[in-house]
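A quick write-up on the structure given underneath.
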Amino acid sequence: MPESRIIHGFHAVTSRLRSAPDAVREIYFDAARTDRRGADLVKFAQSRGVRVLTVDVRRLDGMTGNARHQGVAASVAAAKLAMHIDDVLETLTEPALLLILDGITDPHNLGACLRVADAMGVHAVIAPKDRAVGLNATVSKVASGAAESVPYIPVTNLARTMRELKDREIWITGADEQAPTDLYAAKLDGARALVLGAEGEGMRRLTREHCDELVRIPMLGSVESLNVSVSAGICLAETRRQRTVAENAAR
């Protein structure tokens with residue numbers, strides 16, 4: 001039987017029921033919940049042929065590591081989205097748009113980045129296996145379904161992966177607050193990978209050195225830095241805007 005994992009929270013469970021009901025093995029629901037939202041979820045699950053088990057909240061706490069599960073969790077088959085970046089690149093019919101995350105250890109930040117990546121049409125998110133959070137139940141909950149729709153590819157050697165992307169003519173742009181080039185002055189169309197590091201620490205030195213260029217997000221207010229998911233949203237939105245402009249001009 002394929003590997004399974006636990007996801008929790010209304011958004012994560014509902015999104016999986018909508019996108020891949022066959023992958024949901026069982027749903028565990030707080031027996032004490034009698035509200036309309038809970039009843040609707042149970043009805044929706046049953047309409048998809050998924051068994052719902054009512055359980056004590058203490059069991060849910062144990063299954064989710066005392067996370068904010070909202071009274072619902074599910075056992076699901078682990079998503080088989082992509083095992084290697086080549087699995088993604090070889091199927092694309094448009095220039096690649098990738099997001100590389102270096103050193104993101106907070107599951108809430110990773111979940112939010114996946115959600116942004118899904119919204120901006122990113123083809124895959126790449127991150128190092130070590131010193132990074134990886135996919136877990138909290139990430140799935142925050143991502144609201146994006147953890148099941150955007151390929152997340154952990155790699156053993158991030159610098160080597162970046163070199164391989166360059167060999168495939170994918171331009172690598174890193175976001176660095178000390179960069180001389182303004183994000184909005186950079187040329188961001190074409191096949192591209194955007195690289196962001198953890199808030200405060202930024203990219204590691206070797207990761208920075210493997211970027212083809214560095215850009216900075218102009219900060220016009222009093223704050224000195226942005227959350228990595230906010231930075232990812234700004235960079236990806238500008239990249240997507242430039243790509244759309246270039247496509248329209250080519251028609």
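Taking the stretch 176-220 as the range and being among the basic types (Lys, Arg), in a loop (DSSP other than H, G, I, E, B) and under 23 Å from the mean Cα position of the chain (by Cα) as the test, only 204 passes.
Could you list, in sequence order, the residues of the stretch 124-142 that are of a type in the set (Val, Ile, Thr) and surrounded by fewer than 21 Cβ atoms within 10 Å (Cβ to Cβ)?
Let us first name the residues in the stretch 124-142 that are of a type in the set (Val, Ile, Thr), namely 125-126, 133, 138-139, 142.
Listed by number, the list holds a single entry, 133.
Looking only at residues in the stretch 104-116 that are touching a helix residue (DSSP H, G or I) at 6+ places or on another chain (Cβ under 6 Å) and either part of a loop (DSSP other than H, G, I, E, B) or of a type in the set (D, E, K, R) (or both), which one is least open to solvent (accessible area, probe 1.4 Å)?
Filtering the stretch 104-116 for residues touching a helix residue (DSSP H, G or I) at 6+ places or on another chain (Cβ under 6 Å) gives 104, 107-116.
Filter again for either part of a loop (DSSP other than H, G, I, E, B) or of a type in the set (D, E, K, R) (or both), leaving 104, 115.
Details: 104: 10, 115: 127 Å².
For the stretch 104-116, the residue satisfying everything is 104.
Need the failing condition index for residue 167 against (1) open to solvent by 40 Å² or more (accessible area, probe 1.4 Å); (2) closer than 21 Å to residue 74 by Cβ, just the number. Every condition holds for residue 167 apart from (2).
Considering only residues that are among the hydroxyl-bearing types (Ser, Thr, Tyr) and either within 17 Å of residue 187 (Cβ to Cβ) or not in a helix (DSSP H, G or I) (or both), look in the stretch 221-251 and name the one that is least open to solvent (accessible area, probe 1.4 Å).
Of the stretch 221-251, the ones among the hydroxyl-bearing types (Ser, Thr, Tyr) are 222, 225, 229, 231, 239, 244.
Subset that is either within 17 Å of residue 187 (Cβ to Cβ) or not in a helix (DSSP H, G or I) (or both): 222, 225, 239, 244.
On the way: 222: 115, 225: 53, 239: 0, 244: 59 Å².
Among them, the one singled out is 239.
Is it the case that the stretch 77-87 has a residue that's in contact with a Cys (Cβ under 9 Å, 6 or more places away or on another chain), among the hydrophobic types (A, V, I, L, M, F, W, C) and closer than 15 Å to residue 148 by Cα? Can you show your working first?
Just the residues of the stretch 77-87 that are in contact with a Cys (Cβ under 9 Å, 6 or more places away or on another chain), to begin with: none.
No - not one qualifying residue is present in the stretch 77-87.
Scanning the stretch 185-213 for residues that are in contact (Cβ under 8 Å) with a residue 40 or more places away in the chain, under 25 Å from residue 114 (Cβ atoms) and open to solvent by 50 Å² or more (accessible area, probe 1.4 Å) yields 199, 201, 204, 206, 212. Would a scan of the stretch 218-233 turn up a residue that is aliphatic (A, V, I, L, M) and under 23 Å from residue 92 (Cα atoms)? The answer is yes, given that some residue of the stretch 218-233 is aliphatic (A, V, I, L, M) and under 23 Å from residue 92 (Cα atoms).
The set of residues in the stretch 86-103 that are out of contact with any His (no Cβ under 7 Å at 6 or more places or on another chain) and open to solvent by 10 Å² or more (accessible area, probe 1.4 Å) comprises 86, 87, 89, 90, 91, 93, 94, 95, 103.
Hey, any hits in the stretch 164-171 for a residue that's part of a loop (DSSP other than H, G, I, E, B), within 22 Å of the chain's Cα centre (by Cα) and at pLDDT 95 or above? Before you say what the answer is, go through the steps one by one.
First, pick out the residues of the stretch 164-171 that are part of a loop (DSSP other than H, G, I, E, B): 168-170.
Imposing the further condition that a residue be within 22 Å of the chain's Cα centre (by Cα) reduces the set to 170.
If we keep only those that are at pLDDT 95 or above as well, we get 170.
Within the stretch 164-171 (the criterion being part of a loop (DSSP other than H, G, I, E, B), within 22 Å of the chain's Cα centre (by Cα) and at pLDDT 95 or above), the answer is yes, since at least one residue qualifies.
Identify, from the list 145, 121, the residue that is closer than 16 Å to residue 8 by Cβ and either out of contact with any Cys (no Cβ under 6 Å at 6 or more places or on another chain) or open to solvent by less than 10 Å² (accessible area, probe 1.4 Å) (or both). Can you show your working first?
Details: 121 fails: closer than 16 Å to residue 8 by Cβ.
The conditions single out 145.
Take the conditions (1) out of contact with any Phe, Trp or Tyr (no Cβ under 6 Å at 6 or more places or on another chain); (2) modelled with pLDDT of 85 or more; residue 79 misses just one of them, which is (2).
The values are calculated or read from the model by the stated rules, or taken from the named source; none is laboratory data. What you are looking at is a predicted structure, and each value in this text was computed from that prediction instead of being measured. Because the Cβ atoms are built from the backbone with ideal geometry, glycine has one as well, and the counts that use them run over all protein chains shown. These area figures cover heavy atoms from the full protein model, side chains too; ligands, DNA and RNA do not enter into them. Shrake-Rupley method; radii C 1.70, N 1.55, O 1.52, S 1.80 Å.
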